[in-house]
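Encoded as structure tokens, the structure appears first; notes follow it.
The values are calculated or read from the model by the stated rules, or taken from the named source; none is laboratory data. Treat the numbers as computed from the prediction; the structure is a model and nothing was measured. Cβ sites come from the backbone with ideal geometry, for glycine too, and all protein chains shown count toward neighbours. Surface areas here come from the heavy atoms of the whole protein model, side chains and all, with no ligands, DNA or RNA. Shrake-Rupley method; radii C 1.70, N 1.55, O 1.52, S 1.80 Å.
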Amino acid sequence: MAGDFDTYTVLGIRATTKMPADYKLLKNATDKVDATSASIVIQRALASAFLKGGEFMLDFVSGTSEIQRVHPFEAKTPTYRTSQDGYRVDRVATQRVSNADHLEAFVYKPADEPAKAKAYNFFDPSQHFLVCAVFEHLRNPAELLLDLVLDVDTVVAASIGDAGQL
């Protein structure tokens, strides 16, 4: 469990296919901490905290870096950093194949034109939050870019913010 006075902010998030999401957190405004969670509820809460600059307390599963609980937080002014080598998300769509839904996103590098956007399929639900977050910030002055790890044309991992070497 978190100490009574330990507060955290989210610096970055990485969602790897079929793996728990990884988080780069800032503890007490000074120390970088790595954490993880397979919970979609926790993933959604921490994506919101990242986008809204939330500061919060955490409980961890005893002796691990696995997040058990995110305590209440308020929206503040976000201060996230974004990759300079990431992708813009120009359009999103849904697809259904064999009774399984997935998200299709059309992405392009900032130096390219939207007409050069390439479609990628995102099958992992934890990646959907990140893709949609970047899409929702497309016309926002505080632009957010999506980093992708690709195996040819298959998305292996997606990240936003300062995910570092998660």
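Rounded to a whole number, what % of the accessible area of region 7-156 do carbon and sulfur atoms account for, probe 1.4 Å? Kindly include the intermediate steps, with their values, before the conclusion.
Numbers: 4250 of 8270 Å².
Looking at region 7-156 in its full context, I get 51 percent from C and S.
Which trypsin sites (Lys or Arg not before Pro) from region 64-166 combine a DSSP loop assignment with at most 11 other Cβ atoms within 10 Å?
Filter output for region 64-166: Arg81, Arg139.
Under unit Cβ charges (Lys, Arg +1; Asp, Glu -1), what dipole magnitude, rounded to 20 debye, does the chain have relative to its Cα centre? It would help to have the intermediate numbers written out before the result.
Numbers: 17 positive and 22 negative charges, 57 e Å.
So the magnitude is around 280 debye.
Have a look at Asp22, Asp31, Asp101 and tell me which one the Gaussian network model of the chain (Cα, springs below 10 Å) gives the largest fluctuation.
Residue with maximal mean-square fluctuation among Asp22, Asp31, Asp101: Asp31.
Using the heavy atoms of the protein chains and a 1.4 angstrom probe, tell me the accessible area per residue for the chain in square angstrom. Kindly include the intermediate steps, with their values, before the conclusion.
Numbers: 9150 Å² over 166 residues.
Spelled out: the 1.4 Å probe surface of the chain, per residue, equals 55 Å².
Which residue, Pro125, Pro72, Pro114, tops the fluctuation ranking in a GNM of the chain built on C-alpha contacts under 10 Å?
Among Pro125, Pro72, Pro114, the largest GNM mean-square fluctuation belongs to Pro72.
Tell me, in nm to one decimal, what length is gained between Lys52 and Lys18 on full extension, where the rule is 0.36 nm per residue of separation less the Cα-Cα distance? Please report the intermediate quantities before stating the final value.
Numbers: separation 34, 0.36 × 34 = 12.24 nm, distance 2.65 nm.
Extra length available between Lys52 and Lys18 comes to 9.6 nm.
Just to confirm a number: summing +1 for Lys and Arg and -1 for Asp and Glu over residues other than Lys109 whose beta-carbon lies under 13 angstrom from that of Lys109, what do you get? Could you put the intermediate results ahead of the total?
Working: positive: Arg88, Lys116, Lys118; negative: Asp85, Asp90, Asp112, Glu113, Glu143, Asp147.
Every neighbour counted, the sum reads -3.
Between the helical axis of 125-136 and the dominant principal axis of the chain, each derived from Cα atoms, what acute angle in degrees is found, rounded to the nearest 10?
Roughly 70 degrees, rounded to the nearest 10.
So which aspartates and glutamates can Lys18 reach, going by Cα to Cα under 18 Å and dropping same-chain residues fewer than 8 places off?
Within the straight-line cut-off, Lys18 pairs with Glu66, Asp101, Glu104, Asp124, Asp147, Asp151, Asp153.
Express the Stokes-Einstein translational diffusion coefficient of region 31-153 in µm² s⁻¹, to the nearest whole number, given a Kirkwood radius over alpha-carbon pairs, 37 °C and a viscosity of 0.692 mPa s. Could you put the intermediate results ahead of the total?
Working: Rh = 16.1 Å.
It diffuses with D of about 204 µm²/s by this estimate.
Could you list, in their original order, any pairs among Lys32/Lys52; Lys24/Lys52; Lys24/Lys118; Lys52/Lys118 whose Cα atoms are separated by more than 26 Å?
Working: Lys32/Lys52 19 Å; Lys24/Lys52 16 Å; Lys24/Lys118 28 Å; Lys52/Lys118 29 Å.
As for pairs spanning more than 26 Å Cα to Cα, those are Lys24/Lys118; Lys52/Lys118.
Cα axis of helix 40-52 to longest principal axis of the chain: angle in degrees, 0 to 90, nearest 10?
The answer is roughly 90 degrees.
Using +1 at the C-beta of Lys and Arg and -1 at the C-beta of Asp and Glu, which of Pro114, Val92, Ala35 has the Cα lying farthest in the positive direction of the dipole of region 14-141?
It is Pro114.
Place a point 7 Å from Cα of Cys132 in the direction of its Cβ. Which residues in region 37-53 have their backbone N less than 16 Å from it?
Taking a point 7 Å out along Cα→Cβ of Cys132, the residues of region 37-53 whose backbone N falls under 16 Å are 39-52.
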